[in-house]
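Participant: Sharing a structure here in structure tokens format.
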């Protein structure tokens, strides 16, 4: 295992035209080579990050029966509490690994579904109500504020993505107007028992949407990314950075010019197995009915993917990862 070579990109110079071009070029290179970047100069208030982390820690410290009152619904939508060993992310790629060593809490869109989705299966799938626990006090407010802040940051990054691809800065706006993004707080608890062969804190997978914005603890048993050469590397972001990666939709849009890369969360070495890890993960997704097709002039050769609605693409992978093997 080698140290991280995921590039660190400062977004603040993008406030000027010259700086924006330089930032976009750095983003383009990262997305073409490894599909991951760490961003600084993002302007997100650290107090908000800490408030959200504290709420997550307080929730996960509750008794199991109390957390299960807001358990993930039978529809398997990304809402509420997912108990330990109820998910297996490698399953989304068809790999039948043991369940992941994690528990999590998820939420989705805050605003109501657009009128054209009202009463349809799309509304139920992407705009299902969020489940909020009675404790800790202030968790809903913290998570909602964090969700909105990440949505705004994702719009800024998508605009830079468009510039990096030689498109108008507003190119992606129509596709994400009623975005269906989800957010998940994930606790990787200490590993206090035997680990099955092939079992990880999060199995290897790619993300499904446009981009992911992660704030996680840099501790042993953390995020790992696979290089194009097939080597797994540890990601060590600067203290104030977010880790970003593109998802399958962005790879599809660019006709495979950009890489939606495999990543995983490792089991820590024996001497660090009493260490927990918390991640706040924002998964930015397009509108449910957005038609995703390869962008003309981006990538090489004929389109490798048919035009398809985002909702149909997403649900096929998401449901595979919800093993619901315990609880």
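Participant: Only one of 44, 23, 6 is farther than 30 Å from residue 139 by Cβ, in contact with a strand residue (DSSP E or B) (Cβ under 9 Å, 6 or more places away or on another chain) and in a loop (DSSP other than H, G, I, E, B); which?
Facilitator: None of the others qualify; the one that does is 6.
Participant: Let me ask you something else. Quick one: which residue in 200, 187, 214, 223 is touching a strand residue (DSSP E or B) at 6+ places or on another chain (Cβ under 9 Å) and without any contact (Cβ under 8 Å) to a residue 60 or more places away in the chain?
Facilitator: It is 223.
Participant: Say whether the condition of being closer than 19 Å to residue 82 by Cβ, at pLDDT 95 or above and assigned to a helix (DSSP H, G or I) is met by at least one residue in segment 147-164.
Facilitator: yes
Participant: Separate question: Out of (1) over 15 Å from the mean Cα position of the chain (by Cα); (2) surrounded by 19 or more Cβ atoms within 10 Å (Cβ to Cβ); (3) closer than 24 Å to residue 75 by Cβ; (4) at pLDDT 90 or above, the odd one out for residue 255 is which?
Facilitator: (3)
Participant: Testing residue 117 on (1) under 20 Å from the mean Cα position of the chain (by Cα); (2) more than 30 Å from residue 200 (Cα to Cα); (3) surrounded by 18 or more Cβ atoms within 10 Å (Cβ to Cβ), one condition comes back false. Which one is that?
Facilitator: (1)
Participant: Among the residues of segment 215-238, is there at least one that is at pLDDT 95 or above and under 19 Å from residue 108 (Cα atoms)?
Facilitator: yes
Matching residues to (1) surrounded by fewer than 23 Cβ atoms within 10 Å (Cβ to Cβ); (2) touching a helix residue (DSSP H, G or I) at 6+ places or on another chain (Cβ under 6 Å); (3) at positive phi:
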residue: 185; (1), (2), (3): no, yes, no
residue: 188; (1), (2), (3): no, no, no
residue: 191; (1), (2), (3): yes, no, no
residue: 195; (1), (2), (3): yes, no, no
residue: 206; (1), (2), (3): yes, yes, no
residue: 218; (1), (2), (3): yes, no, no
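Participant: Any idea which of (1) within 18 Å of residue 159 (Cα to Cα); (2) touching a residue at least 60 places away in the same chain (Cβ under 8 Å) is the one residue 233 doesn't satisfy?
Facilitator: With (1) within 18 Å of residue 159 (Cα to Cα); (2) touching a residue at least 60 places away in the same chain (Cβ under 8 Å) applied to residue 233, the lone miss is (1).
Participant: Looking at this structure, is residue 138 touching a residue at least 60 places away in the same chain (Cβ under 8 Å), surrounded by fewer than 18 Cβ atoms within 10 Å (Cβ to Cβ) and either within 25 Å of residue 66 (Cα to Cα) or touching a helix residue (DSSP H, G or I) at 6+ places or on another chain (Cβ under 6 Å) (or both)?
Facilitator: yes
Participant: Could you tell me whether segment 59-67 includes any residue that is closer than 30 Å to residue 127 by Cα, assigned to a helix (DSSP H, G or I) and under 21 Å from the mean Cα position of the chain (by Cα)?
Facilitator: The answer is yes, given that some residue of segment 59-67 is closer than 30 Å to residue 127 by Cα, assigned to a helix (DSSP H, G or I) and under 21 Å from the mean Cα position of the chain (by Cα).
Participant: For segment 81-125, enumerate the residues that are in contact with a helix residue (DSSP H, G or I) (Cβ under 7 Å, 6 or more places away or on another chain) and in a helix (DSSP H, G or I).
Facilitator: Of everything in segment 81-125, those that are in contact with a helix residue (DSSP H, G or I) (Cβ under 7 Å, 6 or more places away or on another chain) and in a helix (DSSP H, G or I) turn out to be 89, 91, 92, 117, 122, 123, 125.
Participant: Let me ask something additional. Identify the residue in segment 154-170 that is under 21 Å from residue 280 (Cβ atoms) and surrounded by fewer than 20 Cβ atoms within 10 Å (Cβ to Cβ) and, among all such residues, is farthest from the chain's Cα centre (by Cα).
Facilitator: Step by step, filter segment 154-170, then rank; the result is 156.
The rows are residues; the columns are (1) buried (at least 21 other Cβ atoms within 10 Å of the Cβ); (2) at pLDDT below 90.
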residue	(1), (2)
67	no, no
74	no, yes
82	yes, no
86	yes, yes
97	no, yes
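The values are calculated or read from the model by the stated rules, or taken from the named source; none is laboratory data. Everything numeric in this text was worked out from a predicted model, so none of it was measured. Note that we place each Cβ from the backbone using ideal geometry, even for glycine, and neighbour counts take in every protein chain shown.
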